[in-house]
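The values are calculated or read from the model by the stated rules, or taken from the named source; none is laboratory data. Model, not experiment: these values are computed from the prediction. Neighbour counts are summed over all protein chains in view; Cβ atoms, including those assigned to glycine, are modelled from backbone coordinates with ideal geometry. Side chains are part of the model used for accessible areas, which takes the heavy atoms of the whole protein and leaves out ligands, DNA and RNA. Shrake-Rupley method; radii C 1.70, N 1.55, O 1.52, S 1.80 Å.
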Amino acid sequence: MDIPKIPLGEWVDSFVAWLTIAWAGFFTFITNLIDGLLNIIADVLSVGPPIILILVLTLLVIYTSRWPLGVFTLLSLLLIENLGYWDSSIQTLAIVLLSGLLTIIIGIPVGIWCAQRKTVQRIVTPILDFMQTMPAFVYLIPAILFFGIGVVPGIIASFIFAIAPTIRMTNLGIQRVPEDLVEAANAFGSTTSQKLFKVQLPLATPTIMAGVNQSIMLALSMVVTASLVGAPGLGADVYRAVSQIDVGQGFEAGLSIVFIAIILDRITQNLRKPAYGHVLKPKIAFSILALLAVGTAIVTAIPDNNSPINENATGIGAETEYEIVGIEPGAGLMELTKTAIEEYELDNWRLLEGSSAAMVAELQKAYSNQEPIIITGWTPHWMFSSFDLKYLDDPRESFGGAEEIHTIVRKGLEQDAPGAYTILDQFTWEPSDMEAVMVDVADGMDPNEAAEKWINANSDKVSEWTNGAQPGNGKPVNLVFVAWDSEIASTYVIGKVLQQNGYDVTLSQVEVGPMFAGVANGSADGMVGAWLPTTHVEYFNTYKDDFIDLGENLHGTKNGLVVPKYVEINSIEDLK
Ligand code: PBE
């Protein structure tokens, strides 16, 4: 039977597209709210030198969980500081605290409601199951469209992922309150709210706190995922380490996450019955802490009139919040942009890390609202044909000049798969060819189809590549690529050509560092996305003795900072 594919994905697409427009005001409100709250929390946590927060947390841990754990807290936080991960840790802590706070504010009432009404519980339970099992990555996609890139979509996704235990455990805790106690309360004529606040909630607190504890741990486990859309902090450090295959940094940042997890876990577990609760009443202790936090928040919130940012409040900097929207942390373009920020002395500016897809989503969003935006861009790229964009002039040449894209294969491929080697060696095309494929993919065509379409229309070029190549006879060939739009296009085209020549082709999408390392250590057969001599020079030099450079497959690329034409600056110097 031939049932046509149900267009489920398209329905979701158009629903999200509608939401993005119809609820734009609401989403902006939420974005600003969360951003504002997060800034307050981060400001409070980072007031004064690190040692202050280290001591406060140590005291808190001693109070809730006894002194040995306090010593552990002190030492581990000092180590984090010493390794240089303090600022990242503060950001991570702020993100987790805010997601945790949101789960409490929303999760506990929903849990209570579930406990009181069977119908609510019957509706909420499957929704919670769905939210918990749908891979958290998936929430990031609409979250970028609704909330832009940065920390807010990360917090929202963490929140959705983490809220379930709080709701479930609140519900459970209240339902587990012994029947006779509730009946006794009824017999004394208590109102529903008296029953709730005087009997059910106090008895359910241990269970509810266990749920909150789990929610906070789940939120912490989301930090790496959230960094894919630009959330800063330890997660971004880990992501960067993966992207650049930096084992040391990955370990240090990962260890910092472990320390923070242990500290948060012990504090939340023992909050209800602090170890030294008999010495200092919990009410008093937590009131002091709350007063301290609120006091600091108020003091830090008083605007600082000398802040230099305000001077230029109408310029491009203020309009874009001094943010340049970047791509994958390991991309060469990101290094070039960091160099540019230094060379042009753009001290106020921050480069957001995320992914190429998130960058394009952000561009699309700004473009449709005619809002200013600065992105890290490159050519060939379809965005130049879909939007009116311009490169900012680069008089200091921080981004280098035009480049080539090289094909690189593993050692031994020539012997193992001579036909594939020949084809990869003879593969060359023009920027306009690559762009044709990219435009189709950007318009929603499957990359396989787009590649096939280009191949059918350009059989003369393809036959030059395959000229004299032996057939593959089903031999496996594995190409690696990064999900940059340009590399998706080239890899799918050459992959399809190899396939048509009888090879069993696998295309593996990886991060930048792993792409180079994979070809160098022979676990991948080849790649067609090495931008040289500038963009990927570091990776190239690291591995150049371990793979074979087959030379350029495309000539005339460009990197730089890109803005829509309606933005009124023309040079990177105008950002100063
Ligand atoms: N790019 C596209 C890559 C190379 C290909 C410019 C985003 C980079 O910056 O590493």
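For the stretch 491-508, the criterion of being within 28 Å of Glu342 (Cα to Cα), touching a helix residue (DSSP H, G or I) at 6+ places or on another chain (Cβ under 6 Å), within 16 Å of the ligand (Cβ to nearest atom) and not aromatic (Phe, Trp, Tyr) is satisfied by no residue at all. Within the span defined as the stretch 239-251, one or more residues are in contact with a helix residue (DSSP H, G or I) (Cβ under 6 Å, 6 or more places away or on another chain) and outside any helix (DSSP H, G or I). Could we say that Thr557 is surrounded by 23 or more Cβ atoms within 10 Å (Cβ to Cβ) and either more than 31 Å from the chain's Cα centre (by Cα) or within 16 Å of the ligand (Cβ to nearest atom) (or both) here? Against the criterion (surrounded by 23 or more Cβ atoms within 10 Å (Cβ to Cβ) and either more than 31 Å from the chain's Cα centre (by Cα) or within 16 Å of the ligand (Cβ to nearest atom) (or both)), Thr557 does not qualify. Exactly one residue out of Leu57, Leu69 is open to solvent by 20 Å² or more (accessible area, probe 1.4 Å), in contact (Cβ under 8 Å) with a residue 60 or more places away in the chain, touching a Leu at 6+ places or on another chain (Cβ under 7 Å) and part of a helix (DSSP H, G or I), and it is Leu57. Away from the ligand (no atom under 16 Å from the Cβ) and open to solvent by less than 10 Å² (accessible area, probe 1.4 Å), is that true of Leu413? So Leu413 passes the test.
Restricting Ser463, Ser486 to those that are on the phi < 0 side of the Ramachandran plot and within 14 Å of the ligand (Cβ to nearest atom) reduces the list to Ser486. Residue-level analysis places Ser14 among those that are of a type in the set (Gly, Ala, Ser) and either free of Cβ contacts under 8 Å to residues at least 12 places away in the same chain or open to solvent by 50 Å² or more (accessible area, probe 1.4 Å) (or both).
Somewhere in the stretch 528-537, is a residue closer than 25 Å to Leu389 by Cβ, in a loop (DSSP other than H, G, I, E, B) and β-branched (Val, Ile, Thr)? Yes, that holds for at least one residue. Restricting attention to the stretch 358-393, the residues being farther than 16 Å from Val567 by Cβ, buried (at least 17 other Cβ atoms within 10 Å of the Cβ) and not hydrophobic (A, V, I, L, M, F, W, C) number 3. Listed by first and then second residue, the pairs linking a residue in the stretch 469-482 that is on the phi < 0 side of the Ramachandran plot and more than 16 Å from the ligand (Cβ to nearest atom) to a residue that is outside any loop (DSSP other than H, G, I, E, B) and aliphatic (A, V, I, L, M), with Cβ atoms under 6 Å apart and 6 or more places separating them unless they lie on different chains, are Ala469/Ile423; Val477/Ala420; Val477/Leu498; Val477/Val505. Looking only at the stretch 459-480, which residues are touching a Phe, Trp or Tyr at 6+ places or on another chain (Cβ under 8 Å) and either hydroxyl-bearing (Ser, Thr, Tyr) or farther than 23 Å from Ser508 by Cα (or both)? Matches in the stretch 459-480: Lys461 only.
Against the definition (touching a residue at least 24 places away in the same chain (Cβ under 8 Å) and in contact with a helix residue (DSSP H, G or I) (Cβ under 6 Å, 6 or more places away or on another chain)), how does Pro165 come out, yes or no? Yes: the conditions hold for Pro165. Among the residues of the stretch 328-351, the ones that are crowded, with 19+ Cβ neighbours inside 10 Å and more than 16 Å from the ligand (Cβ to nearest atom) come to 3 in all.
Residues that are surrounded by 19 or more Cβ atoms within 10 Å (Cβ to Cβ), free of Cβ contacts under 8 Å to residues at least 40 places away in the same chain and not in a helix (DSSP H, G or I): does the stretch 109-126 have at least one? No, the stretch 109-126 contains no residue that is surrounded by 19 or more Cβ atoms within 10 Å (Cβ to Cβ), free of Cβ contacts under 8 Å to residues at least 40 places away in the same chain and not in a helix (DSSP H, G or I).
Of all residues in the stretch 489-527 being in a strand (DSSP E or B) and not acidic (Asp, Glu), which is most open to solvent (accessible area, probe 1.4 Å)?
Gln509
All but one of (1) in a loop (DSSP other than H, G, I, E, B); (2) under 21 Å from Glu404 (Cβ atoms); (3) away from the ligand (no atom under 16 Å from the Cβ) hold for Trp454; which doesn't? Result: Trp454 fails condition (1) only.
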